[in-house]
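This report concerns only the one structure given below.
Please treat every number below as a calculation from the coordinates, not as lab data. No experiment lies behind these values; they were computed from the predicted model shown. A quick note on method: Cβ atoms are made from the backbone with ideal geometry, for glycine too, and the neighbour counts reach across all protein chains shown.
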Amino acid sequence: MQPTEALRAAFTPKQVLRASINVGNPILASRDGPHGARGVSVDLARELARRLGVELELVVFPSAGESVEAVAAEQADIGFFAIDPKRGELISFTDAYVVIEGAYLVRDGSPIAAHADVDRPGVRVTVGKGSAYDLYLSRSLQQASIERAATSPAVVDVFLESGADVAAGVRQQLEADAARLGGVHLLPGHFMLIRQAMGVPKSRGEAAADYLRAFVEEMKASGFVQEALARHGITGAAVPRAEG
């Protein structure tokens with residue numbers, strides 16, 4: 001699909017494509033120097049800018065919540081986040097380009113041995129503020145209490161320091177923390193599948209949203225996303241089948 005001038009204008013009201021990048025999720029991106037980032041979301045942003053024929057500006061945030069807010073407030077033009085109904089009030093989402101697991105981590109010797117043990121009175125669950133699993137667990141946990149770390153990478157450290165019972169987050173981040181710290185382990189399975197997508201402010205119109213949806217489907221079908229994951233050494237993230 002060849003972009004029109006009207007489409008370019010919808011994506012770049014500041015004459016540059018501002019991509020909101022969340023480095024709090026290692027599946028999506030990680031820091032590259034004090035202000036830069038690298039990862040599959042950065043690669044997708046660069047390819048979209050190339051196709052639109054515009055310059056790219058990375059707007060890097062340490063957490064998902066801040067990254068979402070930037071796009072919702074139109075301080076960025078596109079972003080990369082987990083699909084969630086609340087976020088969808090102001091942002092038009094594509095289909096998922098990767099699917100990752102949300103998992104639980106507990107101390108060795110914890111009486112919590114399965115997912116069913118988590119949602120009980122007195123159980124304290126630490127999550128990253130504004131993350132996909134914060135939003136999901138805020139809706140689904142009925143008896144356990146939720147405590148929030150400032151960012152997703154800080155969850156396990158806050159969990160240990162505060163004496164909470166469970167840490168919730170992206171499986172890969174929790175596995176890395178368990179290997180780093182010892183004395184903790186992940187519960188079997190996952191409590192949610194996190195569908196990571198691209199998003200654009202709804203105010204930019206349906207044409208921009210449709211173009212972005214088609215772009216993501218092509219990136220999946222062509223193998224671009226899978227190759228980017230391999231290039232950045234990311235394992236454990238599945239690329240869903242392209243629609244159509």
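Could you list the residues of the range 226-244 with an amide nitrogen less than 19 Å from a label point located 7 Å from the Cα of Ala214 in the Cα-to-C-beta direction?
Zone members listed by number: 242-244.
With a point put 7 Å past each Cα toward its Cβ, work out how far Glu57 is from Glu161 in nm, to one decimal.
Here the answer is 3.3 nm between the modelled labels.
Taking 0.36 nm per residue of separation and subtracting the Cα-Cα distance, what length does fully extending Thr235 through Ala221 add?
Numbers: separation 14, 0.36 × 14 = 5.04 nm, distance 1.89 nm.
Difference between extended and current length: 3.2 nm.
Using a simple spin-label model with points 7 Å from Cα along the Cα→Cβ vector, what separation in nm is obtained for Met1 and Glu89?
Calculated label separation equals 2.7 nm.
Which order do the peptides 19-25, 145-151 take when ranked by the mean count of other beta-carbon atoms within 10 Å per residue, highest first?
On the way: 19-25: 27.6, 145-151: 18.1.
Packing order, densest peptide first, comes out as 19-25, 145-151.
Under 24 Å between C-alpha atoms is the cut-off here; go through the chain and count lysine pairs that meet it, provided they're at least eight residues apart or on different chains.
5
Can you divide the C-alpha Rg of the chain by 2.2 N^0.38 Å and report the result to two decimal places?
1.03
On the first, second and third principal axes, largest extent first, how far apart are the outermost C-alpha atoms of the range 110-184 in Å?
31, 28, 20
Suppose R0 equals 45 Å; then what is the FRET efficiency for Asp108 and Ala9 from their Cβ-Cβ distance, rounded to the nearest 0.05?
In this case the efficiency is close to 0.20.
With the chain treated as a Gaussian network of Cα nodes joined by springs under 10 Å, which of Asp117, Asp95, Asp77 yields the largest mean-square fluctuation?
In the Gaussian network model the winner is Asp117.
Taking every pair of Cα atoms in the range 27-143, average 1/r, invert it to obtain the Kirkwood radius, and report Rg/Rh to two decimals.
1.04
Using a Gaussian network model of the chain with C-alpha springs under 10 Å, which one of Pro111, Pro62, Pro13 is most mobile by mean-square fluctuation?
Pro111
For the chain, what is the calculated [θ] at 222 nm in deg cm²/dmol (nearest 500), taking -39500 (n - 2.57) for each run of four or more DSSP H residues and dividing by its residue count?
Mean residue ellipticity, 222 nm, calculated: -10000 deg cm²/dmol.
What are the ³J(HN,Hα) couplings of the range 2-15, residue after residue, when phi is run through the Karplus curve with 6.51, -1.76, 1.60 and θ = phi - 60°? Round to Hz, x for glycine and proline.
So the Karplus estimates, Gly and Pro as x, are 7, x, 8, 4, 5, 5, 4, 5, 5, 7, 10, x, 9, 6 Hz.
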